[in-house]
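Comments concern the structure below.
The values are calculated or read from the model by the stated rules, or taken from the named source; none is laboratory data. Please read these numbers as outputs of a predicted model, since none were measured by experiment. Here the Cβ positions follow ideal geometry from the backbone for every residue, glycine too, while neighbour counts run over all protein chains shown.
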Amino acid sequence: KYIDEVLEKFNMSECKPVRTPLTPGTQLLKNPSDKLPNYPYQNLIGALMYLSMGTRPDISHCVSYLSQYNMCFDKSHWLAAKRVLRYLKGTRDLALMYKKTGQPLHGFADADWGSCTEDRKSYTGYLFKYAGAAISWESRKQRTVALSTHEAEYMSLTDAAKEAMHLKQLVTDMGIKHEAIEIFNDNLSAQDLTKNPIVSARSKHISIREHFIREKVQDGSVVVTYKPTEDMEADVLTKGLTGPRHNLLRTAMG
């Protein structure tokens, strides 16, 4: 119902559906030459953000990406936002399905290194699943520029570890005992950094706050496990994907 209301509000009830919310390789600019001050771009992003935070992790990355341009959008941004509506038109009946039995609480952490062409910052994406479906997720640009792929992945692991601690406390308060939380990642070099406390040339510049993941691995709260890129479910939270790949990971979310 909410999706139908949003489609009607922005005159998109009869729009043609598309297979993905964001075209792969989309690169928008922050300082457009042709601004559209009278377009309800911010209202649309707000409506999409509410949906992405509630039940639709599959649009989280594109909404996070488009929200950067709330104060500096042009027609290209407006069309990209309307594409999300076209995607929702074709997927309006999707829902997260939880099961009585399933894997214990576990997560996925990924990063897309230097994906923003304007400031070269990377995107973090993490996803946690419980009872067979996603219960927590986030897609956002990292605070600082990562100097390598493994550094970007390491930073995403720290963000995921912080959320893991919150979720662990939450299930504990519900009376559910949970030991170490497993977080899957597809970068072996980043995983090595979580286990190696020795300062090296490739890690000495990394901010102290990013070493939170190392502490959680060492005290046994978190276990980081390798997962091949093709099976990395958080990939959909870091970049726009092709139709088949997007659909595969969307289904995996539950």
Exercise for review: Enumerate the pairs (first residue in region 229-254 and hydroxyl-bearing (S, T, Y); second residue anywhere and buried (at least 20 other Cβ atoms within 10 Å of the Cβ) and assigned to a helix (DSSP H, G or I)) with beta-carbon separation below 8 Å, excluding pairs fewer than 6 apart on the same chain, so at least 6 apart or on different chains.
Suggested key: T229/D235; T238/H61
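A quick yes/no check of all residues on (1) in contact with a Pro (Cβ under 7 Å, 6 or more places away or on another chain); (2) of a type in the set (D, E); (3) not assigned by TED's automatic domain parsing to the domain that holds N185:
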position: N38; (1), (2), (3): no, no, yes
position: Y41; (1), (2), (3): no, no, yes
position: R56; (1), (2), (3): no, no, yes
position: C72; (1), (2), (3): yes, no, yes
position: L79; (1), (2), (3): no, no, yes
position: R83; (1), (2), (3): yes, no, yes
position: R86; (1), (2), (3): yes, no, yes
position: T101; (1), (2), (3): no, no, yes
position: S115; (1), (2), (3): no, no, no
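Let's see how each residue does on (1) within 30 Å of T20 (Cα to Cα); (2) outside the structural domain of R19 (by TED's automatic domain parsing); (3) modelled with pLDDT of 90 or more:
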{"residue": "H150", "(1), (2), (3)": "yes, yes, no"}
{"residue": "E179", "(1), (2), (3)": "no, yes, no"}
{"residue": "S203", "(1), (2), (3)": "no, yes, no"}
{"residue": "E210", "(1), (2), (3)": "no, yes, no"}
{"residue": "V223", "(1), (2), (3)": "no, yes, yes"}
{"residue": "P228", "(1), (2), (3)": "yes, yes, yes"}
{"residue": "D231", "(1), (2), (3)": "yes, yes, yes"}
{"residue": "G240", "(1), (2), (3)": "yes, yes, yes"}
{"residue": "P244", "(1), (2), (3)": "yes, yes, yes"}
Review point. Given (1) hydroxyl-bearing (S, T, Y); (2) under 30 Å from K99 (Cα atoms); (3) in contact with a strand residue (DSSP E or B) (Cβ under 6 Å, 6 or more places away or on another chain); (4) surrounded by fewer than 24 Cβ atoms within 10 Å (Cβ to Cβ), where does Y123 come up short, assuming only one miss?
Key: (2)
Exercise for review: Filter region 33-66 down to the residues that are in contact with a Lys or Arg (Cβ under 7 Å, 6 or more places away or on another chain) and without any contact (Cβ under 8 Å) to a residue 60 or more places away in the chain, then identify the one that is surrounded by the fewest Cβ atoms within 10 Å (Cβ to Cβ).
Suggested key: D34
Review point. Taking region 1-12 as the search range and keeping residues that are in a loop (DSSP other than H, G, I, E, B) and free of Cβ contacts under 8 Å to residues at least 60 places away in the same chain, which one is nearest to W78 (Cα to Cα)?
Key: N11
Check your understanding: Do any residues in region 126-139 that are among the basic types (K, R) have Cβ atoms under 9 Å from those of residues that are assigned to a loop (DSSP other than H, G, I, E, B), where the two are at least six apart or on different chains, and which pairs are they?
Key -> K129/G102; K129/Q103; K129/L105; K129/M253; K129/G254
Point to revise | Tally, over region 40-63, of residues that are under 13 Å from K9 (Cα atoms) and outside any helix (DSSP H, G or I) | key: 1
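Could you grab me the full set of residues in region 141-173 that are of a type in the set (S, T, N, Q) and either in a helix (DSSP H, G or I) or free of Cβ contacts under 8 Å to residues at least 60 places away in the same chain (or both)? Step through it out loud before you land on a result.
In the first step, residues of region 141-173 are kept if they are of a type in the set (S, T, N, Q); the result is 142, 144, 148-149, 156, 158, 169, 172.
Once the filter is applied, which keeps residues that are of a type in the set (S, T, N, Q) and either in a helix (DSSP H, G or I) or free of Cβ contacts under 8 Å to residues at least 60 places away in the same chain (or both), region 141-173 yields Q142, S148, T149, S156, T158, Q169, T172.
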Review point. If you check K75 against the conditions, is it exposed (fewer than 14 other Cβ atoms within 10 Å of the Cβ) and more than 25 Å from L248 (Cβ to Cβ)?
Key: yes
Study note, to complete from the structure: Exactly one of L85, L22 is of a type outside the set (D, E), surrounded by 14 or more Cβ atoms within 10 Å (Cβ to Cβ) and not in a loop (DSSP other than H, G, I, E, B), and that one is L85
